[in-house]
Structure formats: structure tokens, C-alpha cells
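Encoded as C-alpha cells, the structure appears first; notes follow it.
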């Protein structure tokens, strides 16, 4: 935690959202990450996304595990509850939290170590349950806090700062999520805020599990020549394939879209996500074709970004189970048992 | 050997052949005759084909433990015939299926062997392989009914109740009972000198297992989130909770569920879900056993330090490692008390029978929310999976559940500022807020070092301030956990101290020792930290026999650590072969210790 605190006074003419809050109201503590860390850009994108969506701060829950990425929930939306869990276990805590109160918006921030190594089991099972959350992976291919070991997302041939190149197959969160049936899968780059903000907004509003894999370079341990997760490498090889625009409820679609490239998706609150296909070949609603396309371009050394898969037909966890719409945590305790008289009836079976 | 209402019946069968319902029928019939019973199931960690035994102790005196004696053996499993024969007490009886001849080498002069052609009779009277196997089991109940003088009308009444929904099974079951009954009456002198006679000692009682009772307790406590990973012997707790919820937890307006049961991918996730749910204000729990506690340990330390309620049922089984999953032990006491790295300790509750599983399930939620910490209920396989005769449960509707110190929206609105870990009331318990209540209530829940204001710290004094307050909270816990059960007379200088499922055997041994002119006082601990009466109890005695079901004297260690008890006076009586404790063991060991000159 930084010893410098942010000034509490802000510019009087800052724009306000429908709740009357400014973007400053969605900020958090000062980041203690390294200067230039990709994660700080993701934090800024989250702040903008939540501000623009007019989410009441106390109705947002910020979840994380352990690692550089998992520190970041302290750096956005101060007025939200945060849960910094143990390493690799953010998904299970969020599952339980959602079970207790499904009316909150859950944003989880994790890293490639937290989600693809120690937390791989919980990551895949949260997808399987279609847990209603926005799950962001700040993906930099290394362990930062322990000083630069490769993570499971490091590409074959990627060079460490010192030592030999990685020889093991990387785990790609996007194709993993695709194979597991995640219902909203996006990838972006921390240096591409314009693309990232609407992808996070769509993820927050989507009813079900949303993955946003963000290539977020580690300036200290993985930003050198030979690294495939550096700023330079990502800038050179990333391609937009399907972008998304967020359109608030009741707002008009103003942008002009080329014929056949735009695909509007209605979200539960009346807002829309407009998918813009950069490559007209791409089918973001077909798992098989998305998988094929991604593998082909991956093999060519490209980093494909955008809203890569979307499916709003599958129910989220609570609806799959048939749970009540209101928070279980608010259901009165005395209505949760059938009383003394019924207990006698129940126990008569054991006579 | 002529006795009335003091007989032990043991039935050896092959698992997967449907003998459980026959054994249940037998036990219930005796219970319905007003005669107290104790049922123990000794089963293998297997689905089908291995030996399994069911033991029914008929105890007119109403004792609560098994006896290590067998009076009547029903040897249905050829595989274990030699062992079963050897287990019968001299003067006892053995019933076997005489359809196939016994090995002549296997015989004993000091018992009576009774052959009944069960298979042949059932093959003649029933169609289909499955029915023949099932009815063979019911038929031995008929044989025992004749031999022990069990009331046929009671048996038939139970059959009618059991198969109320499957009418056509009533006739076949009654017929099988009759086959066995008539054969025994025609061929043997019935009843045997050891027999059952109706009495009036089961009124107001039920026969139930601890896992069902705990599942019912969770439903009555208002638990809404249950997360678990299947593990013997805890699985039936969640099965019971699910069954009760499917009937009583449907929202009348929407027809939707007011509970959420999640089968987790492992125990690490199960406890994570529980912590997430209670952080959000739901009463949530997880049932598990020893290996699950090992996996949950990291998160349990988190729950302790971040101060989150959680209820964990540890239905203990035999360790170490995988151990014997279908045998009982009390060997998780220390690993639960100190689960997780760093300075961590947890509140434990020790139910002694299914009735306490029901009541302690409820107090566990109250304590967890009051103390904002994980509370572990340490049951075991013996309590959890065996049928116990206990007083019918009561539920006090006027008692308001303790939800602990939770600030609401109005409280927060009126406050200048909220700090999560401040000891406002001086009892070591801070106030908490639930997400979604009010923007002023937000805080960052973390397992990393934090100050009393809730912010991250690496400052020594600020860190120590919080962990020291947790010790103050520990003392508050000591003052509100269930008190030990104590039987005290100033004339006795020696005592027995026990825990959990050892209670029944210890109480019976007290009676038996008294008859042998050895008067002992008694203490059964109900919770950790130990309340003040436990310390006082130990101090008042010269010798305290600590009876527990593990090899390493874990309860004794805990008494030394938490009560500063003098190790010299704590004498361990340890039973850890995986079988439930019996009174004979305690009596024998106490007398053995006393003969060594330790008599007080």
C-alpha cells in the first residue's frame, strides 16, 4: 500500500453519470504496482467501464486471489466491498458469494498464475457452472511478486530475462474457456483501452460467465526482446477480429456500420452490445469455427482480440438450479424452517 | 445364559445384497416394543461383494454404546463364517443358511448352531433372483423374531408403513417373515433363554443417525448455502439437508428454491464457497471428513484472520491419510483445533450423539456469526452413520438466532466512518458489514496483514494489535461456547473425562465401576476452547482418565495446551482400532491403571 493518498478534492465540472457520480467516485487507492505496469491500464479501463454503466458502487463486489493482478481491486471503486482471497481461489469465493446474493455485480481480477496454475481447477469449474461474473485475467506470462518465473501462459520459445526459453505448451485461457462452454469470451490488450472498455462492459452485463483475457505486459520481468508478452510484441502481432460497442438502454445506435459486419446483442437490462466483425469470416457464435480460427491464427503467431465468442442461450448458475430471484442472505430465517409442529411430524418417521 | 432385554445380535452379510432394510426392520421392531436398542453398522469401503456386519444391542438399561460381546450371530456370509463362528460368546447361538452344508471342521461345542434353509425356502416361494436374495434377508428377521420373541404384529406394522407406497411388496415381505418364523418355531425351542420382552422405555425417543440430525439442524438453523465435496462418512449429511430442503425450502410465492447446494470440485473450493457465502450474509456450511479438513486448512486460516463465519462438520473417520474410510475415530481433534499455518485456532463443538448433532448444528451457526470465525462440529462415523436411540428433538420457536454484529444501512448512514476491525465493545469482536448494504460499509477483506481499520499493513505494532485482539475474542468464545457436562461428587478423587461419541461407553463404565466399588466423577467436554468448568474439574481431581479414540492422546494434548492442565494427572485411555468404543474397554483400562497404583 502506498503512503501517498489521493487528493479528495476534484474538478467541479467533471462529467457525472445517471447516479450523479463522477469517475473519481469509482477510483480506489493509489496503485503500488511498477510504473508502466499493464495492470494499471486495466484498472483504469474498469473504472471507466463501471462509471459508464452507472453501477452503484456498493452493488459491485470486487474479487481476487493472490498476485500482482489480484492486488488491483484495491485500486478501483473504493466504495465496493473487496475480497482478496487465497491464491487461486477467487472463483470458489465468488461462487459462494453469488449463491448468497445474486443481485450484486461480481468482477474478479486474476492473473495467469492465479487462474491457469494454482487456480486452474476453480477457473474451469466456475465456467462449467456458468457463474454470473466478469472474470478478468491480467495475462503477462510471468510471476511478478516472486520475481519472474514463467507462468503457464508463457509461449513456447518465449525468452525469460535470464536463462533458457520456455519449452512447455502454453495454456490459453480463451481456447480453454471455449472448450468448456463459457458464454462470453473476450481477449484484449491493456494498451488498447478503446477496445477493452466495451468488452468489460459487455462482460459485466452478460448473464453468465464472462472471461476477459487481457494481455497486460509486466514491465519489470517480461517486457524485453524475445518475450511474446511484451508491449512491443503485443503491439506488433495483435489483431482485432470482432470488436464490441456498448450501447446503453434507450440510447440510439449512432455509429454507422458496414453492411453485414454489425451484430446487435440485447442484454438483460435493455442495453445492447454491437459486435463489429473486422474479419467477415469470423463466426463469434460458433464454438467450432471460433476454435478453428483462433488456432490457425495462433499458429501464425498472431494475438487475436475482440469479443471472440458469445452465447446468451445458456442459463446462469442460479437459473439452472431454480433459485429465487432475491438474495438468499436476505430471506428471513424464521421462514426457512417449518416450525416446531412440523418437526414432530418429520421425526415421526424415526419412531 | 438367560437374559431378558440384554442380548447382542450380529448379522454378517455381503454388502450390496439389501440387508440394510432387513436389519433396520429388526431394530425398529424391538424399539417399537419399548425396548432400548443400539445399532452399529460395520461396512467396507466398497459397493458390492465384501463382508459387512450389523450389530444390534438390546439394552433394557438404555445404554448408548456397543457391547463387545455377541450372543446371537446370523452368519449369512460363507466368506466370514469362520470368523463369525469364533466371535460368538460362549453359551451363545449361531444361525446360518443350511441350504448348503457347513464345513465340518468349523464347529464349537460351547455354542448352539441353528441351521435354517433360508435360500431354499426363498427359492421355492419367490420368483426372480433379486427378490430371492432380498427375501432371504427378511426371512432371517422372521427367524430372529421367533428365537427372541419379537412381536410379529409390530414387524408387520412396520412393513406396512415402509411399503405404503409400494403395496405389492407388503405381501412378499410378510410372507418372508412368516417363512423364517414358522421354520424356527417348528424346528427349535422358541424363544431362546435370551430374549426380548416388551417394556416402556422408548417413549419420547427416536432412532436416528447423526448426519440426518445435523442436516435437519442446518435446515432449522436457516442455512441457505451448502457447499461440499463427497466424502465418506459425511456424505449423508448433505443428502439429508437436500432431502429436507426439497420439501421445506420452496418459496411459496415463486415456487423457486430458498437454498443453494453446490457440489464443489474439491474441498478447497467447498470451503471457499462457504466463506464467500457467509461474507455475503448467508448461513452456509460444508460437511467433510479428515482429508477434507487437510485440504481446507489454508482457507480456514483465512476465515480466522479475515474474521468470517463458517460452519464445518467434520465427520471423523480413521486416519492417517486415507486410513480406513468406513471406520470411526476421533483423530482430527488437533488438526481441526489448529488448522492452517501461522497462529491460528478454531472453535470446535463436540456432539456426543445425534440429538446434539441437531442442537449443535444450530448453535454452530449462532457462534460462527457471533464470533465471526469458522466453527467446526466434530462428529464421527459412529455418530454420523449409525442409528442411535435419542430423545425426540425439540425446537424452541421463541429463540431468536444470533446473527452477530452486522451493521445495517441505517446504522451506516448514521455513522461518521466505518472501520472493520475495531474492537468497539471490548469483547474482541468487531462489527461487520455485508456487501450491497451501503457505500459507507465497504472494506477490503484480506488474508494479508491488516490494521484495525482494515487497511493493508506491514507495520509491526499495527499487525500485532489485530492478532492480540483475536486472543481477546478467543476468551469471549470460551465464555459463550456450550459448557462441559459434569457429574461431580466430592467423595471421588479420580474421574473420567471424555469427548463426543465416547460419552455413552464412559457413562456405562461409570455404572459398572460403581458396582465394583470404584466411584469416579465424570466430565464430557462439549467445546473448544474449554470453558472454565473444565479447568476447575481437572484441578479438583488427583487422577483424570482421559478417554478418547485416537492413538496420540489429542484431547489430552489440547487440555494441556488450553487449560494448562498438569500432565501428571491426565492418564490416557486410548481406543483407536476403528471400532466404536465399548464400556468394557474403559472399565478394564481404569482397573488396570488403578492396579498400577494410580488409584486416587
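What follows is calculated from the coordinates using simple rules that are stated; it is not laboratory data. Just so you know, these numbers come straight off a predicted model, no measurement behind them. So basically every Cβ, Gly included, is an ideal-geometry build from the backbone, and we count neighbours across all protein chains shown.
For the stretch B:1-90, the Kirkwood hydrodynamic radius from C-alpha pairs, put into Stokes-Einstein at 37 °C and a viscosity of 0.692 mPa s, yields a diffusion coefficient of 243 µm² per second.
Counting only Cα atoms, the size of the protein assembly as shown along its three principal axes is 99, 67, 59 Å, in decreasing order.
Which order do peptides A:181-192, B:200-211, B:56-67 fall in by mean Cβ count within 10 Å, highest first?
Numbers: A:181-192: 24.3, B:200-211: 19.8, B:56-67: 21.4.
Descending mean neighbour count gives A:181-192, B:56-67, B:200-211.
Which whole-number percent gives the relative contact order of chain B, counting Cα pairs below 8 Å spaced six or more residues apart? All intermediate terms of the calculation are to be shown ahead of the outcome.
Working: 1280 pairs, mean separation 71.0, N = 600.
Here the relative contact order equals 12 percent.
Normalising the average separation of contacting C-alpha pairs (under 8 angstrom, six or more residues apart) by the number of residues puts the relative contact order of the stretch B:208-391 at 30 percent. Eigen-decomposition of the gyration tensor built on the alpha-carbon atoms of the stretch B:550-600 gives equivalent ellipsoid semi-axes of 20, 17, 7 angstrom, largest listed first. For the stretch B:208-391, the Kirkwood estimate of the hydrodynamic radius, built from every pair of different alpha carbons, is 15.8 Å. Can you classify the stretch B:438-478 as rounded, prolate or oblate using the Cα gyration tensor, where a ≥ b ≥ c are the square roots of its eigenvalues, rounded means a/c under 1.5, and otherwise it's prolate if a/b beats b/c and oblate if not? It comes out oblate by the Cα gyration axes. Compared with the direct C-alpha span, the chain from residue A:333 to residue A:292 gains 9.7 nm at full extension, assuming 0.36 nm per residue. Counting only the Cα atoms, the stretch B:392-504 fills a convex hull of 232 Å³ per residue. Using just its DSSP H runs of length 4 or more, each adding -39500 (n - 2.57), chain B gives a mean residue ellipticity at 222 nm of -12000 deg cm²/dmol after division by all residues.
Given bins 20 angstrom wide, list per bin the percent of all Cα-Cα distances in chain B, short to long. For chain B, the pair-distance distribution reads 19, 47, 27, 6, 0. Here the spin labels are modelled as points 7 Å beyond Cα on the Cα-Cβ line, and at residue B:98 and residue A:149 they lie 7.1 nm apart. Assuming a ≥ b ≥ c are the square roots of the Cα gyration tensor eigenvalues, decide whether chain A counts as rounded (a/c under 1.5), prolate (otherwise, with a/b larger than b/c) or oblate. Rounded shape, in that the Cα axes give a/c under 1.5. In whole angstrom, note down how far apart the Cα centers of the stretch B:138-203 and the stretch A:114-161 are. What the calculation gives is 64 Å, centre to centre.
Taken over the stretch B:468-508, the alpha-carbon convex hull comes to 117 cubic angstrom per residue.
Could you put B:71, B:423 in order, starting from the residue whose Cβ has the fewest other Cβ atoms within 10 Å?
Values: B:71 23, B:423 17.
Neighbour counts put them in this order, fewest first: B:423, B:71.
For the stretch B:329-436, the spread of Cα positions along the three principal axes, ordered from largest to smallest, is 55, 40, 26 Å.
Highest mobility in the GNM of chain A, judged by mean-square fluctuation with C-alpha springs under 10 Å and restricted to A:277, A:340, A:162, is found for A:340. Using just its DSSP H runs of length 4 or more, each adding -39500 (n - 2.57), chain A gives a mean residue ellipticity at 222 nm of -8000 deg cm²/dmol after division by all residues. Take each residue in B:282-290, count the other chain C-beta atoms within 10 Å of its C-beta, and the mean is 2. Just to confirm the number: angle between the C-alpha axis of helix A:38-52 and the first principal axis of chain A, 0 to 90 degrees, nearest 10? For helix A:38-52, the angle is close to 50 degrees. Report the FRET efficiency, 1/(1 + (r/R0)^6), for residue B:392 and residue A:232, where r is their Cβ-Cβ distance and R0 is 51 Å, rounded to 0.05. Efficiency, rounded to the nearest 0.05: 0.10. On a C-alpha basis, how far is the centre of the stretch B:524-600 from the centre of the stretch B:1-49 in Å? Whole number, if you could? Each part's Cα centre sits 31 Å from the other's.
Provide a whole-number value for the mean count of partner chain Cβ atoms within 10 Å of the Cβ atoms in peptide B:385-394.
2
The C-alpha atoms of chain B define a longest principal axis, and helix B:267-279 lies at about 50 degrees to it.
Students often get this wrong: which residues of the stretch A:53-68 have the backbone nitrogen under 17 Å from the point 7 angstrom along Cα-to-C-beta of residue A:32? Counting only backbone N, you get A:64-68. Computed from the C-beta positions of residue A:349 and residue B:514, the FRET efficiency with R₀ = 30 Å rounds to 0.20. The distance between label points at residue A:313 and residue B:551 comes to 5.7 nm (points 7 Å beyond Cα on the Cα→Cβ vector). Within the listed set A:267, A:199, A:308, the residue fluctuating most in the Gaussian network model of chain A (springs between alpha-carbon atoms under 10 angstrom) is A:267. Size descriptors for the stretch B:485-598 (Cα atoms only): Rg and Dmax, in that order, 12.8, 35 Å.
For the stretch B:60-99, averaging the sequence separation of C-alpha pairs within contact (under 8 Å, six or more residues apart) and dividing by the residue count gives a relative contact order of 45 percent. Helix A:287-299 and the longest principal axis of the Cα set of chain A meet at an angle near 30°. Here the stretch B:166-209 is described by how far its Cα atoms reach on the three principal axes: 37, 36, 18 Å, from widest to narrowest.
Dividing the convex hull volume of the alpha carbon atoms of the stretch A:223-351 by its residue count gives 255 Å³ per residue. Relative to one another, the C-alpha centroids of the stretch A:82-99 and the stretch B:215-273 are positioned 19 Å apart. Placing pseudo-labels 7 Å out from each Cα toward the beta carbon at residue B:413 and residue B:167 gives an inter-label distance of 6.2 nm. Going from the fewest other Cβ atoms within 10 Å to the most, the residues B:312, B:133, B:400 appear in the order B:400, B:133, B:312.
Rg(Cα) of the stretch B:261-300 divided by 2.2 N^0.38 Å?
Compactness ratio reported: 1.07.
Other protein chain C-beta atoms within 10 Å of residue C-beta, averaged over B:175-186: 0.
Cβ crowding within 10 Å ranks B:250, B:466 as B:250, B:466, fewest other Cβ atoms first.
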